[in-house]
Amino acid sequence: MRNGLWKLVSGNLPRPIKDADEVNKWETKAERAAGEIYLLVENDQRVHFRGKEDDPIEMWKLLEAAHLSKRPGARFNAYDDLFSIRKEDSESLMDLGVRLEKAMQTIQNLRPAKFTIEQLDEELQCMALIRALPDEYRHLSSNLLLAEKLDKATILQAFRSDELNR
């Protein structure tokens, strides 16, 4: 953002099609953005975008995919962290507010692009079901949290299966 490249990296500044001068300007910005990403990422993290060093949009997507799991289980843990926050004795109320804001930002970053209120309602219900399980069902809750997709029907089916197996 500091260098005026975020719109390009985030995909919000599409590559121009017709005007050669505009295409050239866009490509110059893309080269600068790719260079910035490459230089700012630690050596051992460059493996995530190897072969895509000339495409800053793809580089960013690959880094995001490697480091920000947008699975329901990750959001469950983030919500759990949010609702577990308590004011520390030595903490000011403003500092508490900042910690809560950071936790909420984490949750927002873990959401898919077109996350709806209906999806949130469904996820919260799923999370309540999983969180309600006693410790003896830890294996079941762990398996559910690893799922790519988490919905009430899947959880209830897993509950039925587990009860049958017991």
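Can you bin segment 72-165 into rounded, prolate or oblate? Criterion: square roots of the alpha carbon gyration tensor eigenvalues sorted a ≥ b ≥ c, rounded for a/c under 1.5, prolate for a/b above b/c, oblate for the rest.
oblate
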Q. Of (i) 1.10; (ii) 0.97; (iii) 1.00, which one was derived for Rg/Rh (Cα atoms, Kirkwood Rh) from the structure shown?
A. (i)
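For segment 62-160, run through the trypsin sites (Lys or Arg not before Pro) and keep only the ones in DSSP coil with at most 15 other Cβ atoms within 10 Å of their Cβ.
LYS70, ARG86, LYS87, LYS114, LYS149
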Q: Could you work out how far apart the two model spin labels at LYS7 and GLN119 are, taking each label as a point 7 Å from the Cα in the direction of the beta carbon, and quote it in nm?
A: 2.6
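Report, in debye and to the nearest 20, how large the dipole of the chain comes out about its Cα centre when Lys and Arg carry +1 and Asp and Glu carry -1 on their Cβ.
The calculation lands at about 260 debye.
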Q. Between the DSSP loop rule and a limit of at most 13 other Cβ atoms within 10 Å, which GluC sites (Glu not before Pro) in segment 64-120 are left?
A. GLU88, GLU91
Q: Pairs of Cα atoms under 8 Å, at least six residues apart: use those to get the relative contact order of the chain, whole percent.
A: 18
Q | Sequence-distant lysines (8 or more away, or on other chains) whose Cα lies within less than 19 Å of LYS70 | A | LYS61, LYS102, LYS114, LYS149, LYS152
Q. With charges only on Cβ, +1 for K and R and -1 for D and E, what is the dipole size of segment 85-156 about its Cα centre, in debye, rounded to 20?
A. 140
Q: Calculate for the chain the 222 nm mean residue ellipticity that helices alone would give, adding -39,500 (n - 2.57) per DSSP H run of length 4 or more and normalising by residue count, nearest 500 deg cm²/dmol.
A: -20000 deg cm²/dmol
Q. Using the Kyte-Doolittle scale, which helices in the chain average at least -0.5 and also have C-alpha atoms spread 15 Å or more along the helix axis, with helices defined as whole DSSP H runs?
A. 56-67, 72-84, 93-110, 117-131, 152-165
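Every number here is computed from the coordinates shown, using simple stated rules; none is lab data. Note that the structure is predicted; figures quoted are calculated from it, not measured. Here Cβ is always computed from backbone atoms with ideal geometry, including for glycine, and neighbour counts include all displayed protein chains.
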